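Below is one structure, written out as structure tokens; comments come after it.
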Amino acid sequence: MNSERSSKSNISNITTTANYLSLYLGQDQGVRLGESVVVSTKAHARMPKKKIKGQIEILTNRDAGKTYLNCIDLDQIVHIDVYHLPGEIDPRDVARAIFRAMDQYFTNQDPQLQYAEEVRFKMLSSYAEKIQISTKLGKGKIYDLFQNEIIPYTVGDEGRDHVHILARLNREEYFMVYIIATTTEEVIIQSGLQLAQVRSISHGKQKEQEDDFGHYIKIPWKRFSGQEATFMSPEENVNQLVLKLAEKFGGIEEIQDWMQMYSRNILKRKGAEYQKKKWGDIEHYVEQMEEMGLMQKTPLLGTTLTKKGLEIQDYIIKHKPELETEIRRNIRRVPGGSSTRFRKVGQSKQKTTQVEFVDYHKTINNSDNWTGNLAVAETVIQAKKSGLLRGDKHFSIKKEDLYFYDKKSYVPIDICLLMDASGSMAGDKRQAACALAQHLLLTGKERVAVVTFQEHSARVVAPFTRNQSILSKGLATINPSGLTPMASGIMTALDLISKSRVHNPLLIMITDGIPNSPLWTMDSKADALEAISKLPEQKIHFICIGVESTRLFMEKLSERGEGALYLVDDLNKENLINLVRYEKNEILKR
Amino acid sequence: MIQYANLERYEGNEALFDLIKMSMLSTIAGEPLHIHAEGLRGTGKTTIMRKAQDILPPIKRIKGCIYNCDPKEPHCPHHRELSAQEIADLGVEEIPMPFLEISHSAKVGTVAGSIDLAKLTDESHPEARLLPGLIPQAHRGILFIDEINRLADTAPEITDILLDLMGTKPGIVQIEEAGLPVVKIKVSVSVWAASNPDEDPGPLEEIRRQLSDRFDMVCYMGRPTSIDVLAKMLKENFHTNIHPDKDIMDEATIAKKHQEYTSSLLKWAEIYKQADIPDFVRNYIARLYVKHNLESIRAIEAMQQSAVLYAITKNRDQATINDVSRMLPLILKHRINSDTLIKVINDIDGKGESIFSSVNKSAKKTDLAEEKEYFKSVGRPLKFLGRNELINTEKSLDVNKAD
């Protein structure tokens with residue numbers, strides 16, 4: 001192969017690669033480039049769980065920029081991993097080679113650049129600033145590595161057995177990926193190592209890691225004084241701590257309840273079992289509190305609050321209204337919709353009724369419609385104008401001069417949440433459903449009710465209400481355990497809805513299981529289907545939120561209830577909120 | 001009646017008093033500073049803001065000009081074409097600095113401007129003329145909006161006018177009325193707003209994100225927690241004053257105190273017109289923007305403006321990094337999520353502008369006992385591969401199919 005032809009075909013490979021990359025990366029997918037390189041905008045992991053060797057997993061819920069570089073926006077960073085058989089690669093060699101390859105590419109593309117030293121250097125160094133390389137021997141940006149500045153490898157860093165490259169590239173710059181990959185491969189071969197063949201790739205999710213807030217929330221309790229001292233805002237830090245805790249525990253009262261467990265008075269403590277049912281795993285939170293110096297392990301009493309911890313507890317009690325406002329503000333926030341994935345089956349078919357009211361900010365001039373409130377000023381102006389045209393001698397108002405205030409209408413939707421509180425819902429799922437109830441109450445104008453079912457019966461946790469404290473007090477009493485008596489849950493909710501005066505009732509059932517405790521007969525599934533078939537005659541909109549594994553039964557259920565079924569991969573807060581918002585919009589459109 | 005001088009100052013509302021001072025002095029100097037007080041009901045947001053009228057200094061305008069034309073710089077449709085001599089002939093008058101309020105029954109006509117009904121229906125000389133609304137009339141002064149979250153929810157068209165007004169400094173108001181030419185007027189007004197984020201319809205940033213971003217600074221009010229403060233408040237608000245307290249000021253002292261406030265505002269405004277900010281502080285602000293990926297340029301402009309203003313009200317001639325970090329929560333809290341906010345605030349040195357600065361956030365201590373021979377076969381280098389072998393996806397690499 002002569003060099004002329006090889007360089008030509010090289011360029012077309014570059015373009016091909018760039019085109020494919022913008023296609024697949026745009027769909028949130030990763031690809032194998034060649035045989036040893038994996039490219040995506042996500043984090044990558046091996047799959048030790050399964051016995052398949054040589055497979056790389058692309059973690060679709062872990063954006064590379066966010067995971068490795070603390071970026072705030074998604075999809076900023078292209079992640080390129082070049083796998084090789086065990087051995088050591090000097091990142092400085094890689095950096096120099098990439099730098100030279102880029103130089104060559106740009107000069108090939110535009111020979112004029114040879115003479116524009118300064119422009120060329122500027123272009124190259126801007127890329128050199130945007131690309132970071134790590135291997136077992138260290139890491140750094142190309143720019144720094146080129147000048148021999150290298151950050152040593154620490155345990156836990158990426159790049160232990162591959163060349164790990166992060167590049168901040170736009171879609172139009174994806175051609176760079178090919179240059180980076182080929183050059184890196186060459187360096188590996190020149191270092192006497194062999195490339196490793198990535199046998200296959202797969203896409204998966206990593207279980208969301210809990211957030212380590214302990215290291216950046218600073219709790220300097222005393223205000224710094226004096227001109228020279230650096231000002232820190234203690235309140236903001238405590239607020240943030242409380243918000244983090246509230247996300248996990250629900251509300252101020254529950255945070256207090258939790259902190260109470262670590263008091264020195266053993267009699268006030270409740271068992272670990274109670275905690276686990278209510279909040280799920282809390283170990284992480286205790287660790288974070290320890291890191292902030294708010295809790296400590298003592299030989300006699302186990303984990304207790306420190307002096308600082310007690311001060312925080314006191315602060316929380318004193319500033320409850322302000323902190324609760326902050327928490328509610330957080331609950332109102334609508335989570336970003338991009339991460340939500342759900343599948344909808346069927347559609348609820350009930351008709352809606354609407355409420356009309358006068359809009360004093362908008363006037364209309366409609367001589368066909370005589371009803372409504374008269375807008376005096378607009379009418380007079382119009383009469384004067386038309387009087388001039390009509391040539392009236394005296395001021396007079398005619399029918400066509402009349403202006404009225406416009407009317408607005410909206411569709412009120414009262415929501416009843418029917419929540420599975422069986423054992424399997426304990427922990428995060430319970431928290432997510434509670435967060436949904438709070439969010440709906442705080443962001444809507446309508447009333448919200450909550451009904452739960454567990455063990456052998458169902459109960460109304462909160463009747464239809466607009467009062468946030470009634471709702472949150474009710475939610476705090478939910479303590480998942482036992483069986484799934486779905487039929488009695490449905491009947492209780494139905495009863496509550498028919499007894500309350502509600503507008504366009506929407507029943508939302510959240511469950512991760514199938515019924516296993518009957519109501520009338522011995523067959524719990526048949527009972528649930530029987531109960532749900534009573535909904536349509538009551539004109540109740542029905543949606544059901546479940547998980548894929550229970551799909552068959554759920555489909556039957558939503559069909560009988562003439563409702564829609566939403567399947568999610570995880571019953572988390574974002575999914576629930578986003579899909580209920582979606583459903584509400586669907587109802588409004590009809 | 002309680003007056004500005006004897007309003008109780010405590011930890012929770014201290015910041016609002018600072019903001020009011022800063023906004024007033026900035027307005028006097030000709031540059032608006034929009035502020036927003038958020039807090040629970042009964043924390044005195046509205047009271048403090050309304051009472052601030054007591055200490056506003058007078059301004060000079062062309063005699064009778066409803067648009068508050070500055071004699072040196074006339075801007076309204078009636079006076080902008082006149083020569084200096086003609087303006088001098090019209091005369092100059094002194095009026096209190098405008099402090100107007102947009103209420104909830106406001107309409108586009110009353111806020112921006114409308115046709116003058118009185119002139120139009122005049123029996124002898126009917127005439128179609130524009131009557132400027134509240135905003136043009138508040139030029140060189142302050143416009144107050146109580147419960148702005150409710151207004152943004154129920155009156156989107158008034159919100160749009162506010163967006164124009166607050167989008168640039170000075171802002172723009174456009175008056176449109178069928179049958180009359182469109183009039184565009186430059187208006188320099190500081191908008192003050194108050195709201196309770198906890199009441200319907202919720203916090204402003206959830207209702208109209210752009211409007212919330214237009215506010216340079218937001219102050220979160222706290223409740224008074226000290227018993228002494230509360231007792232003194234009760235005493236001052238009591239219907240009689242039988243046992244005069246030496247702490248409670250009489251009318252004369254209050255008037256004198258207001259005089260002092262006003263004159264210091266005027267003095268500060270003069271300083272502000274000449275003030276500059278050291279380059280390292282400016283760089284510090286720029287670095288915060290880059291490092292934390294802040295979205296809004298308005299935010300860093302507000303940081304610069306407020307740091308200087310704050311330093312001046314504290315009688316210092318130069319803004320320091322401390323001033324910036326003190327203003328940070330007030331500027332950023334409504335713009336970014338609380339997690340980022342806390343990272344910005346605690347990042348005092350602001351160093352390390354690189355996007356690669358915190359690489360240590362990598363995956364946790366993974367199982368280090370990974371097998372050494374994870375990869376079995378050797379891969380062929382890219383440069384030897386043909387075009388159709390370049391890219392493989394999950395599907396094309398399916399293990400089960402291949403075997």
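Values quoted throughout were computed directly from the atomic coordinates according to the rules given, and no laboratory measurement underlies them. Here the structure is a predicted model, which is why all the values come from computation and not from measurement. No Cβ is skipped: glycine too gets one built from the backbone with ideal geometry, and neighbour counts run over all protein chains shown.
Fewest neighbouring Cβ atoms within 10 Å first, the residues A:PHE175, A:PHE121 line up as A:PHE121, A:PHE175.
Relative to the current alpha-carbon distance between A:LYS534 and A:LEU23, full extension at 0.36 nm per residue lengthens the span by 179.1 nm.
With an 8 Å Cα cut-off and a minimum separation of 6 or more residues, compute the relative contact order for the stretch A:294-375 in percent.
13
A cut-off of 5 Å between modelled amide H atoms, ignoring neighbours fewer than 5 places along the same chain, links B:ARG380 with A:GLU35. In chain B, the longest principal axis of the Cα atoms and the axis of helix B:156-167 are about 90 degrees apart.
Apply the a/c threshold of 1.5 to the C-alpha gyration tensor of the stretch A:415-589 and tell me whether it is rounded, prolate or oblate. Since a/c stays below 1.5, the shape of the stretch A:415-589 is classed as rounded. Of all beta bridges that DSSP places with both ends in the protein assembly as shown, some 60 percent have antiparallel geometry. Can you pick out the pairs among A:LYS525/A:LYS573; B:LYS186/B:LYS267; A:LYS277/A:LYS473; A:LYS139/B:LYS395; A:LYS407/A:LYS499 whose Cα atoms lie more than 22 Å from each other? With Cα atoms farther than 22 Å apart: A:LYS525/A:LYS573; B:LYS186/B:LYS267; A:LYS139/B:LYS395; A:LYS407/A:LYS499. The label-point distance for B:LYS60 and B:LYS376, in a model that sets each label 7 Å from Cα toward Cβ, rounds to 9.3 nm.
For A:388-394, what's the mean count of beta carbons from other chains sitting within 10 Å of each residue's beta carbon?
1
The amide H of A:HIS503, built 1.01 Å from its N in the peptide plane, has A:ASP414 as neighbours under 5 Å, considering only residues 5 or more places off or on other chains. A simple rule links phi to the HN-Hα coupling: the Karplus curve 6.51 cos²θ - 1.76 cosθ + 1.60 with θ = phi - 60°, which for the stretch A:510-527 gives 10, 8, 10, x, 10, x, 9, 9, x, 10, 9, 9, 9, 9, 5, 5, 4, 4 Hz, with x for Gly and Pro.
Partner shielding of A:26-37 amounts to 5, given as the average count of beta-carbon atoms from other chains within 10 Å of each residue beta-carbon. Taking 7 Å steps out from each Cα toward its Cβ at B:ALA231 and A:MET123 produces label points 7.7 nm apart.
Considering only the other residues whose Cβ falls under 15 Å of the Cβ of A:THR371, what net charge follows from Lys and Arg at +1 and Asp and Glu at -1? Local net charge: -1. Maximal additional length on extending the A:TYR360-A:ASN170 stretch stands at 63.6 nm, based on 0.36 nm per residue less the C-alpha distance. With θ taken as phi - 60° and the Karplus curve 6.51 cos²θ - 1.76 cosθ + 1.60 applied, the whole-hertz 3J(HN,Hα) list for the stretch B:267-283 is 5, 4, 4, 5, 4, 4, 4, 9, 6, 10, 10, x, 4, 5, 5, 4, 5 Hz, x standing for glycine and proline. Across chain B, the relative contact order, built from alpha-carbon pairs under 8 Å that are at least six residues apart, equals 19 percent. Residues whose amide H comes within less than 5 Å of that of A:ASN61, counting only those at least five positions distant or on another chain, are A:GLN206 (H built at 1.01 Å from N in the peptide plane).
Checking Cβ-Cβ separations below 4.7 Å across chain B identifies B:CYS76, B:CYS219 as cysteines lacking any candidate disulfide partner. Cross-link partners for A:LYS408 among the lysines, with Cα-Cα distance under 22 Å and sequence neighbours closer than 8 places in the same chain left out: A:LYS351, A:LYS362, A:LYS445, A:LYS584, A:LYS589, B:LYS107.
Electrostatic tally near A:GLY513: other residues with Cβ closer than 14 Å to its Cβ, Lys and Arg +1, Asp and Glu -1, net 0. Would you please classify the overall shape of the stretch B:216-300 from the alpha carbon gyration tensor, given that a ≥ b ≥ c denote the square roots of the eigenvalues, rounded means a/c under 1.5, and beyond that prolate means a/b larger than b/c while oblate covers the rest? In terms of gyration-tensor shape, oblate. Hand me the tally of lysine pairs in the stretch B:274-355: alpha carbons under 14 angstrom apart, and the pair either on different chains or 8 or more positions apart. Counting lysine pairs in the stretch B:274-355 gives 4.
Among the listed pairs B:LYS119/B:LYS184; A:LYS270/A:LYS320; A:LYS205/A:LYS307; A:LYS278/A:LYS349, a Cα-Cα separation exceeding 30 Å is found for A:LYS205/A:LYS307; A:LYS278/A:LYS349. For peptide B:196-206, the mean count of partner chain Cβ atoms within 10 Å of a residue's Cβ comes to 4. When you restrict to C-alpha pairs under 8 Å that are six or more residues apart and normalise by the size of chain A, the relative contact order lands at 11 percent. Cβ-Cβ distance of A:ILE397 and A:LYS349, R₀ of 60 Å, FRET efficiency by 1/(1 + (r/R0)^6): the value works out to about 0.80. Taken one residue at a time, the phi angles of the stretch A:167-172 give Karplus couplings (6.51, -1.76, 1.60, θ = phi - 60°) of 10, 8, 10, 7, 4, 6 Hz. Gly and Pro are set to x. Computed over the protein assembly as shown, the per-residue total of -39500 (n - 2.57) for DSSP H runs of n ≥ 4 gives a 222 nm mean residue ellipticity of -12000 deg cm²/dmol, rounded to 500. All other residues with a Cβ under 13 Å from the Cβ of A:GLN29 taken together, and with Lys, Arg as +1 and Asp, Glu as -1, what is their net charge? Net charge in that neighbourhood comes out at -1.
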